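**Student:** This is the structure, below, for whatever I ask next.
The values are calculated or read from the model by the stated rules, or taken from the named source; none is laboratory data. Keep in mind it's a predicted model, so treat the numbers as computed, not measured. Every residue, glycine among them, receives a Cβ derived from its backbone with ideal geometry; neighbour counts consider all protein chains shown. Areas reflect the complete protein model, heavy atoms only, side chains present, ligands, DNA and RNA absent. Shrake-Rupley method; radii C 1.70, N 1.55, O 1.52, S 1.80 Å.
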Amino acid sequence: MKRIILVILMGIFSIIYGCGKNTSDDKVASAPRALVEVARAEPGSIFEHLHVTGSFMVVRDQKIKSPIAGKILNVYVLEGDNVKKGDAIATLISKESDAIITGAKQLLQIAQTEKEKQDARKALRLAEETASKINVAAPFSGIVNTRFVSEGEYISEGTDIAEVIDLRTAYFLADVPVEDLPKLKIGQRVVLSVPGLQGDIADGSVAAFSPSADPNSQTIKVRITLYRTHGLIKSGTFGTADILVGEHVGTLVVPKPAVYHDDELNKYFVVKIQGDTLALLTPVDVGVSDTLHVEIKSGLKPGDLVATVGGYGLPDSTLVIVKKVN
């Protein structure tokens with residue numbers, strides 16, 4: 001009887017032990033693994049940029065006004081047209097001359113006899129030949145920025161007809177925080193853009209600094225000379241300047257998608273892959289960045305693998321499968 005009981009107990013123990021062991025092994029074997037793409041932290045070079053805002057300005061920017069009250073007969077330019085000094089912008093006829101011509105035309109319409117018609121035609125021809133017409137010309141060579149009038153329109157003396165700017169006198173006035181001023185040097189390359197417009201619309205270089213700072217904004221005015229400009233820059237147009245202030249050579253860099261910022265902790269992290277299987281959430285100190293890479297000052301060493309795709313939101317110590325090494 002004791003032997004039977006002993007056999008039964010050993011059988012129960014074997015079943016319990018076997019089931020427990022298989023369940024544990026199955027859980028480990030079937031643990032889900034995240035797919036990640038990775039890249040290596042490697043020494044490289046990265047450019048340091050200073051991003052500031054400001055406005056495009058033009059030294060020579062003039063609105064051409066009508067010297068008389070009258071009617072616009074012809075407009076010869078459109079926005080974006082290049083003009084030379086003296087080129088005709090528009091032709092006007094004085095209010096008085098236009099009234100005389102209009103009256104002669106009315107006489108011709110109501111004339112009944114051949115004699116009346118001849119007299120009316122003669123009066124109309126004389127009115128047209130002696131009409132006071134004025135050509136409004138470009139005051140300097142430049143580009144038409146705005147056209148304000150249309151043909152056939154009646155305008156008053158002093159009405160704006162067109163605006164001509166000389167892009168050769170255009171520049172950008174940037175507002176640079178006082179603490180960033182030591183990074184700037186005369187001649188540094190600058191790329192400029194305007195919100196809403198695709199691509200870079202101008203480039204140039206740092207030319208001069210204002211001698212005093214704005215006490216309210218704690219910024220310094222920095223003048224940027226332009227080498228290339230978009231054809232339709234208006235004086236006062238808001239823009240952004242990307243100033244190349246330095247290059248970090250031989251520093252440790254990783255692809256930009258590998259770095260995450262925790263807003264609550266105000267810290268940066270990467271997902272480091274250890275042994276090609278384990279994802280470790282790793283805090284890092286970052287330096288400068290460009291469109292492709294981020295400088296890592298501490299937290300990684302050359303050759304470390306970091307997740308570039310699939311790492312965001314992974315819990316620490318997650319098992320992973322490396323899908324691709326970039």
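**Student:** May I ask you to verify whether VAL271 is open to solvent by 40 Å² or more (accessible area, probe 1.4 Å), among the aliphatic types (A, V, I, L, M), more than 30 Å from ILE165 (Cβ to Cβ) and not in a loop (DSSP other than H, G, I, E, B)?
**Tutor:** Values: open to solvent by 40 Å² or more (accessible area, probe 1.4 Å): no; among the aliphatic types (A, V, I, L, M): yes; more than 30 Å from ILE165 (Cβ to Cβ): yes; not in a loop (DSSP other than H, G, I, E, B): yes.
In short, no.
**Student:** Need pairs with beta-carbon distance below 7 Å; first residue farther than 25 Å from SER150 by Cβ and modelled with pLDDT under 85 and within segment 93-119, second open to solvent by 70 Å² or more (accessible area, probe 1.4 Å) and part of a helix (DSSP H, G or I); sequence gap 6+ or separate chains.
**Tutor:** Note: pairs meeting the criteria are LEU108/ARG121.
**Student:** From the residues in segment 98-113 that are more than 21 Å from ILE155 (Cα to Cα) and assigned to a helix (DSSP H, G or I), which one is least open to solvent (accessible area, probe 1.4 Å)? Walk me through it before giving the result.
**Tutor:** Keep residues of segment 98-113 that are more than 21 Å from ILE155 (Cα to Cα), which gives 104-113.
Those left that are additionally assigned to a helix (DSSP H, G or I): 104-110.
On the way: ALA104: 5, LYS105: 103, GLN106: 104, LEU107: 94, LEU108: 58, GLN109: 152, ILE110: 118 Å².
The qualifying residue least open to solvent (accessible area, probe 1.4 Å) is ALA104.
**Student:** Please tell me if ALA279 is more than 13 Å from LEU314 (Cβ to Cβ) and crowded, with 19+ Cβ neighbours inside 10 Å.
**Tutor:** Judged against the criteria, ALA279 is not a match.
**Student:** What are the residue pairs meeting all of these: first residue in segment 306-326, first residue in contact (Cβ under 8 Å) with a residue 12 or more places away in the chain, second residue surrounded by fewer than 17 Cβ atoms within 10 Å (Cβ to Cβ) and aromatic (Phe, Trp, Tyr), Cβ atoms under 9 Å, and 6 or more apart or on different chains?
**Tutor:** Close Cβ pairs (under 9 Å, with a partner that is surrounded by fewer than 17 Cβ atoms within 10 Å (Cβ to Cβ) and aromatic (Phe, Trp, Tyr)) amount to GLY311/TYR260; TYR312/TYR260.
**Student:** Within segment 37-57, track down each residue that is open to solvent by less than 30 Å² (accessible area, probe 1.4 Å) and either farther than 30 Å from LYS221 by Cα or touching a helix residue (DSSP H, G or I) at 6+ places or on another chain (Cβ under 8 Å) (or both).
**Tutor:** In the first step, residues of segment 37-57 are kept if they are open to solvent by less than 30 Å² (accessible area, probe 1.4 Å); the result is 38-39, 41, 44, 46, 50, 52, 54, 56.
Those that are open to solvent by less than 30 Å² (accessible area, probe 1.4 Å) and either farther than 30 Å from LYS221 by Cα or touching a helix residue (DSSP H, G or I) at 6+ places or on another chain (Cβ under 8 Å) (or both): VAL38, ALA39, ALA41, GLY44, LEU50, VAL52.
**Student:** Here is a list of conditions, (1) β-branched (Val, Ile, Thr); (2) without any contact (Cβ under 8 Å) to a residue 60 or more places away in the chain; (3) closer than 30 Å to GLY54 by Cβ, and THR282 meets all of them except one; can you say which number that is?
**Tutor:** Tallying (1) β-branched (Val, Ile, Thr); (2) without any contact (Cβ under 8 Å) to a residue 60 or more places away in the chain; (3) closer than 30 Å to GLY54 by Cβ, THR282 fails exactly one: (3).
**Student:** Now for a different question. Assuming SER205 fulfils every condition listed in (1) touching a residue at least 24 places away in the same chain (Cβ under 8 Å); (2) open to solvent by less than 30 Å² (accessible area, probe 1.4 Å); (3) not hydrophobic (A, V, I, L, M, F, W, C) apart from one, which condition is it?
**Tutor:** Condition not satisfied by SER205: (1).
**Student:** Do we find that ARG60 is modelled with pLDDT of 55 or more and either among the charged types (D, E, K, R) or open to solvent by 40 Å² or more (accessible area, probe 1.4 Å) (or both) in this structure? Spell out the reasoning first.
**Tutor:** Working: modelled with pLDDT of 55 or more: yes; either among the charged types (D, E, K, R) or open to solvent by 40 Å² or more (accessible area, probe 1.4 Å) (or both): yes.
Yes.
**Student:** Could you count how many residues in segment 45-73 are in contact with a Leu (Cβ under 9 Å, 6 or more places away or on another chain) and not in a loop (DSSP other than H, G, I, E, B)?
**Tutor:** 14
**Student:** Tell me, yes or no, whether segment 188-203 has at least one residue that is more than 22 Å from the chain's Cα centre (by Cα) and among the charged types (D, E, K, R). Before you say what the answer is, go through the steps one by one.
**Tutor:** Filtering segment 188-203 down to residues more than 22 Å from the chain's Cα centre (by Cα) leaves none.
No, segment 188-203 contains no residue that is more than 22 Å from the chain's Cα centre (by Cα) and among the charged types (D, E, K, R).
**Student:** Out of the residues in segment 275-300 that are of a type in the set (S, T, N, Q) and under 14 Å from THR251 (Cα atoms), which is farthest from the chain's Cα centre (by Cα)? Steps first, please.
**Tutor:** Our first condition is that a residue be of a type in the set (S, T, N, Q); within segment 275-300, this holds for 277, 282, 289, 291, 298.
Imposing the further condition that a residue be under 14 Å from THR251 (Cα atoms) reduces the set to 289, 298.
Working: SER289: 18, SER298: 32 Å.
Among residues in segment 275-300 that are of a type in the set (S, T, N, Q) and under 14 Å from THR251 (Cα atoms), the one farthest from the chain's Cα centre (by Cα) is SER298.
**Student:** Since ALA258 meets every condition but one in (1) under 30 Å from GLY303 (Cα atoms); (2) open to solvent by less than 20 Å² (accessible area, probe 1.4 Å); (3) under 21 Å from the mean Cα position of the chain (by Cα), which condition does it not meet?
**Tutor:** The failed condition is (3).
**Student:** Related question: Return the residues of segment 287-305 that are more than 14 Å from GLU42 (Cα to Cα) and either free of Cβ contacts under 8 Å to residues at least 24 places away in the same chain or in contact with a Phe, Trp or Tyr (Cβ under 9 Å, 6 or more places away or on another chain) (or both); say none if nothing qualifies.
**Tutor:** VAL288, ASP290
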